[in-house]
Amino acid sequence: MTFNAFYGTIVHAISINQLDIVSNGLLVVDNEKGVIVSFEREVDDVEKFLGKLDRPYKLHRLTPEQFVFPGLVDTHAHAPQYVFAGSGMDLQLLEWLNTYVFPAESSFKSPQVAKDAYTKVVSRFLRNGTTTCSWFATIHLEACKILVDTIEQLGQRAYVGKVNMDQNSPDFYIEESTQASLDDTRAFIEYTQQKQQSNALITPVVTPRFAITCSSELMHGLSQLAKEYDIPIQTHLCENHNEIEFTCSLFPKSKHYTGIYADHGLLGDKSYMAHCVHMTDDEIDTLAKHNTGISHCANSNFSLHSGVCDVRRFLDKGVKVGLGTDVAGGFAPSMLDAVRSSFFASKCTLMAHRDRQQEYEHLGTAELVYLATLGGARVLGLQDTIGNFVVGKAFDALIVDLGSSQGSVDLMGNETPLQKVEKFLFNGNDQSLAHVFVQGRRVAGSSVE
Ligand code: GUN
Ligand code: FE
């Protein structure tokens, strides 16, 4: 039994507008449990402090170019879509699904396709510092299990969902029946919960693709499964105008798109909805009432020209907000990109307000860090486990190194700690991540260990 001790600058979000930058900080991690056992500020004599520990320790003294940062939390990504990420960005949502997504996802009927693609995508996300990810897989039970196995081998913390589709889907990519969809979902949940007994990092999540591809009976059944197994629910909501119109025409008894999910028991404090670009105040109030979170997928909202989501409207009403890459609606498998895209979306909203002579505050650095870490953790109900550095939480962390010669950041030597964090957020890449830890275990990093 040993400790890892990190001594240097430590950066994390304490709340949405409080960025804590600790100099001469000392984080001590219990290597066996992967948990933070001590977090001290302004430590002068580190050896003396560590001498008091009752176990052997390894001290990592960070350079002035390095800092410890919380692992990034991606609240929405499609693992099978990575195979075409960065291509096919010419269409809007519904046409894009039919043309690119459904044919690509249908190929995951083959376990070999799944194994190859899932190894690539999970490795890439880890290299980019995504220590926790909420994944959509496909409708195929076997391939979904392969995603769980792959994530387990590679060491990511993850929520994994088997996608449900029993209507309005092409013949080559639809489940046999509503009952088969529910049976496979139950089998997937049980498989994943079985794994959870030895690997607590992976959680199954009920994943109706969206209301268009799910019958009323299926959605009611999925709500029951989520309750029975006490697990979260993820889906898409109010992404694009055509989608909203078609959805509401399919469920005319509900008040609005958000009401459809409410009427089928799919909203609750463990639920989170991707996109939410075009929402009425009443819909946002409905999410707030159910304590349901959202995943803000700004790159995807631009790339599929769905629209610009004003996350401030959600934050002002107390709705939990995290960021999502939405690979491959979003082309970038990187949460640093999600931060930058969210920054642009916020500036777009600012400019629209300015044109109407209205005040608006764009997302600042502290808010962006929060959304990419602790905010995402709250959306996933993991705020007591990850998101920032608190004694008792898991050590899911990045050792950022802006001094590495391949990194895309050049320091001039006179930057404040805050400026270094901003340079990392806006110019950093995988080469700036010397080490990536999940639950205290090193799972990726550009530094040769
Ligand atoms: N809505 C339903 N399915 C999808 C998907 O795969 N990606 C996105 N962006 N939106 C969806
Ligand atoms: Fe999506």
Count of region 213-230 residues which are part of a helix (DSSP H, G or I), surrounded by fewer than 18 Cβ atoms within 10 Å (Cβ to Cβ) and either in contact with an Asp or Glu (Cβ under 7 Å, 6 or more places away or on another chain) or among the acidic types (Asp, Glu) (or both):
2
Residues of region 107-122 being closer than 16 Å to Ala158 by Cβ, among the hydroxyl-bearing types (Ser, Thr, Tyr) and open to solvent by 30 Å² or more (accessible area, probe 1.4 Å), which ones?
Thr119
Six or more apart or on different chains, Cβ under 6 Å: which pairs go from a residue in region 146-157 that's on the phi > 0 side of the Ramachandran plot to one that's among the β-branched types (Val, Ile, Thr) and buried (at least 20 other Cβ atoms within 10 Å of the Cβ)? Could you list them?
Gly155/Val438; Gly155/Val443
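Within region 231-258, take every residue that is among the charged types (D, E, K, R) and assigned to a helix (DSSP H, G or I) and give me the one that is surrounded by the most Cβ atoms within 10 Å (Cβ to Cβ).
It comes out as Glu243.
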Do the conditions hold for Gln194, that is, is it surrounded by fewer than 18 Cβ atoms within 10 Å (Cβ to Cβ), free of Cβ contacts under 8 Å to residues at least 12 places away in the same chain and not charged (D, E, K, R)?
yes
Could you look through region 259-301, keep only residues that are free of Cβ contacts under 8 Å to residues at least 60 places away in the same chain, assigned to a loop (DSSP other than H, G, I, E, B) and under 17 Å from Asp74 (Cα atoms), and pick out the one that is farthest from ligand 1 (Cβ to nearest atom)?
Thr292
With the condition kept exactly as written, say whether any residue in region 52-63 is crowded, with 16+ Cβ neighbours inside 10 Å and within 16 Å of ligand 1 (Cβ to nearest atom).
no
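Yes/no per residue for (1) more than 24 Å from Tyr272 (Cα to Cα); (2) within 16 Å of ligand 2 (Cβ to nearest atom):
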position: Val308; (1), (2): no, no
position: Lys320; (1), (2): no, no
position: Gly324; (1), (2): no, yes
position: Arg354; (1), (2): yes, no
position: Gln358; (1), (2): yes, no
position: Ala366; (1), (2): no, no
position: Leu380; (1), (2): no, yes
position: Gly407; (1), (2): yes, no
position: Glu415; (1), (2): yes, no
In region 302-336, which residues are open to solvent by 30 Å² or more (accessible area, probe 1.4 Å) and touching a strand residue (DSSP E or B) at 6+ places or on another chain (Cβ under 8 Å)?
Leu315
If you check every pair at least six apart or on different chains, which have Cβ atoms under 6 Å apart with a residue in region 323-351 that is part of a loop (DSSP other than H, G, I, E, B) first and a residue that is away from ligand 1 (no atom under 16 Å from the Cβ) and open to solvent by less than 10 Å² (accessible area, probe 1.4 Å) second?
Pro333/Phe125
Can you tell me which residue is nearest to His353 (Cα to Cα) among those in region 263-319 that are among the basic types (Lys, Arg) and over 20 Å from the mean Cα position of the chain (by Cα)?
Arg313
So in region 197-210, with the set limited to residues that are among the polar types (S, T, N, Q) and either under 19 Å from the mean Cα position of the chain (by Cα) or within 16 Å of ligand 1 (Cβ to nearest atom) (or both), which one is surrounded by the fewest Cβ atoms within 10 Å (Cβ to Cβ)?
Thr203
Any idea which of Phe331, Phe344 is within 16 Å of ligand 1 (Cβ to nearest atom) and of a type in the set (Phe, Trp, Tyr)?
Phe331
Filter result for the condition that a residue is modelled with pLDDT of 95 or more, surrounded by fewer than 19 Cβ atoms within 10 Å (Cβ to Cβ) and at positive phi, over Gln439, Gln383, Gln357
Gln357
Answer yes or no: is there a residue in region 19-30 that is away from ligand 1 (no atom under 15 Å from the Cβ), touching a Ser or Thr at 6+ places or on another chain (Cβ under 9 Å), small (Gly, Ala, Ser) and assigned to a strand (DSSP E or B).
yes
Checking Asp384 against (1) touching a residue at least 24 places away in the same chain (Cβ under 8 Å); (2) under 19 Å from the mean Cα position of the chain (by Cα), which single condition isn't satisfied?
(1)
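Does any residue of region 402-412 turn out to be among the aliphatic types (A, V, I, L, M), within 30 Å of Asp269 (Cα to Cα) and crowded, with 17+ Cβ neighbours inside 10 Å?
The answer is no, given that none of the residues of region 402-412 is among the aliphatic types (A, V, I, L, M), within 30 Å of Asp269 (Cα to Cα) and crowded, with 17+ Cβ neighbours inside 10 Å.
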Output the residues belonging to region 64-85 that are more than 16 Å from ligand 1 (Cβ to nearest atom) and either more than 17 Å from the chain's Cα centre (by Cα) or of a type in the set (D, E, K, R) (or both).
Pro64, Glu65, Gln66, Phe67, Val68
Evaluate region 151-167: report whether one residue or more is more than 20 Å from Ala85 (Cα to Cα), of a type in the set (Asp, Glu), open to solvent by 10 Å² or more (accessible area, probe 1.4 Å) and in contact with a Pro (Cβ under 7 Å, 6 or more places away or on another chain).
no
Failed item, numbered, when Ser271 is tested on (1) among the small types (Gly, Ala, Ser); (2) crowded, with 19+ Cβ neighbours inside 10 Å; (3) more than 16 Å from ligand 2 (Cβ to nearest atom):
(3)
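The values are calculated or read from the model by the stated rules, or taken from the named source; none is laboratory data. Since the model is a prediction, treat every value here as computed from it, not as a measurement. Using ideal geometry, Cβ is built from the backbone for each residue, glycine included, and neighbour counts are taken over all protein chains shown. Quick note on the areas: whole protein, heavy atoms, side chains included, nothing else; ligands and nucleic acids left out. Shrake-Rupley method; radii C 1.70, N 1.55, O 1.52, S 1.80 Å.
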